[in-house]
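Below is one structure; the comments refer to it alone.
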Amino acid sequence: MNKVKKKVVLYFILCLIGCFVAEGIILSIMEALIMLLSSPSDNIMSIVIGGFLILSLMNIVGGAYLFYRLTGKTWKKESMRQMNERNMLYSCIAHDLKTPMTSVQGFATALKEGKVKPEEQAEIYDIIYNKSCYMNELLDTMFTFSKLNTDEYVLSRREMDVCVLMRETMAVYYDEFEARDMNLDIDIPEESIACNIDEKEIKRAVSNLLVNAYKHNEKGANILVRVSVQGDMVRIIVADNGDVINKEVVTTIFEPFAKGDESRSGGKGTGLGLAISNLIVEKHRGRLYIDDSIEGYTKGFVICLKGG
């Protein structure tokens with residue numbers, strides 16, 4: 001949406017410049033015509049001035065019409081893109097929900113009809129619970145992405161310590177990394193690093209990067225989680241020593257439904273995790289990008305935010 005707004009502003013500036021240039025040409029022609037006419041009568045002057053006013057009005061109307069046509073095409077294209085994006089989102093969510101829903105219904109029916117042995121019921125309850133949690137996660141992802149894609153959504157920002165936020169977020173996922181025997185290098189300063197952010201949304205953005213790190217890397221991988229300051233910018237880094245991301249993928253990896261290397265991810269998920277993180281960072285006027293120059297690691301996802 002921001003790209004569309006910038007394009008509309010550019011069209012307005014170009015049309016305005018075009019109108020000024022055309023107005024200058026019309027004025028020059030009128031002055032040259034008056035100079036050619038020696039001692040023009042009042043009637044002739046009235047005709048010249050009237051012609052000038054008509055041409056000026058036509059110039060303004062033409063500029064406005066050109067601006068209308070250019071912006072109309074831009075907004076139409078953006079509307080089509082958003083509609084296709086929403087349709088893709090609903091289609092992906094519906095597809096991903098179908099399998100766990102079918103499983104839940106099947107297991108629930110088996111329990112209802114007494115087809116499950118008593119010693120197996122606890123396991124079936126766990127499966128139903130895990131499937132329902134997964135379905136809830138999918139729906140939450142859909143609502144989050146839809147919410148962040150609207151201009152009406154406003155962040156609840158406040159100044160807080162990014163280091164504290166990162167420690168709290170890491171604590172939630174520490175067991176996941178440990179269960180996969182991943183080597184964690186946590187480089188978070190002891191001193192406070194202030195930043196004006198929406199705590200809930202930045203935690204969501206970082207969480208997506210952490211989940212991405214342990215899901216898309218092999219057991220025993222090296223993972224770096226770092227917070228640093230460069231000038232007036234705060235950098236949050238989640239890096240790993242796994243497979244290199246193809247250059248073709250790098251250009252689209254933060255777009256909706258992009259899943260990176262399908263051979264690693266197995267094609268699972270909605271492909272919205274990185275897109276949501278990117279939207280959150282953009283809402284903060286920051287930048288999310290991939291850095292392949294971090295020593296000891298093949299790639300790092302970097303969130304860059306304005307310091308507090």
How about the stretch 199-308: which helices (runs of 4 or more DSSP H) wholly inside it have at least 3 residues that are of a type in the set (D, E, K, R) and either touching a Phe, Trp or Tyr at 6+ places or on another chain (Cβ under 8 Å) or modelled with pLDDT of 90 or more (or both)?
199-215
Got at least one residue in the stretch 154-161 being under 23 Å from the mean Cα position of the chain (by Cα), assigned to a strand (DSSP E or B), within 23 Å of Ser293 (Cβ to Cβ) and not β-branched (Val, Ile, Thr)?
no
Note down all Cβ pairs under 7 Å where the first residue falls in the stretch 92-121 and is of a type in the set (Gly, Ala, Ser), the second is surrounded by 10 or more Cβ atoms within 10 Å (Cβ to Cβ) and in a loop (DSSP other than H, G, I, E, B), and they're at least six residues apart or on different chains.
Ala110/Val116
Say we look at the stretch 149-177 and pick out the residues that are among the charged types (D, E, K, R) and closer than 18 Å to Ser207 by Cβ; which of these is surrounded by the fewest Cβ atoms within 10 Å (Cβ to Cβ)?
Asp175
Under 7 Å between Cβ atoms, at least 6 apart or on separate chains: pull out the pairs that start in the stretch 146-164 with a residue that is more than 25 Å from Ile186 (Cα to Cα) and end on any residue that is in a helix (DSSP H, G or I).
Leu148/Ile276; Leu148/Leu279; Leu148/Ile280; Leu148/Lys283; Asn149/Leu279; Tyr153/Lys147; Leu155/Glu201; Leu155/Lys283
Out of (1) more than 30 Å from Val21 (Cβ to Cβ); (2) at pLDDT below 85; (3) surrounded by 14 or more Cβ atoms within 10 Å (Cβ to Cβ); (4) hydrophobic (A, V, I, L, M, F, W, C), what's the single condition that is false for Ala110?
(2)
Condition test on Leu148, is it modelled with pLDDT under 90, under 22 Å from His216 (Cβ atoms) and in contact with a helix residue (DSSP H, G or I) (Cβ under 6 Å, 6 or more places away or on another chain)?
no
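The values are calculated or read from the model by the stated rules, or taken from the named source; none is laboratory data. This one's a predicted model, so the numbers in the text were calculated from it and none came from an experiment. Methodologically, a virtual Cβ is constructed for each residue, glycine included, from the backbone with ideal geometry; neighbour enumeration extends over all protein chains shown.
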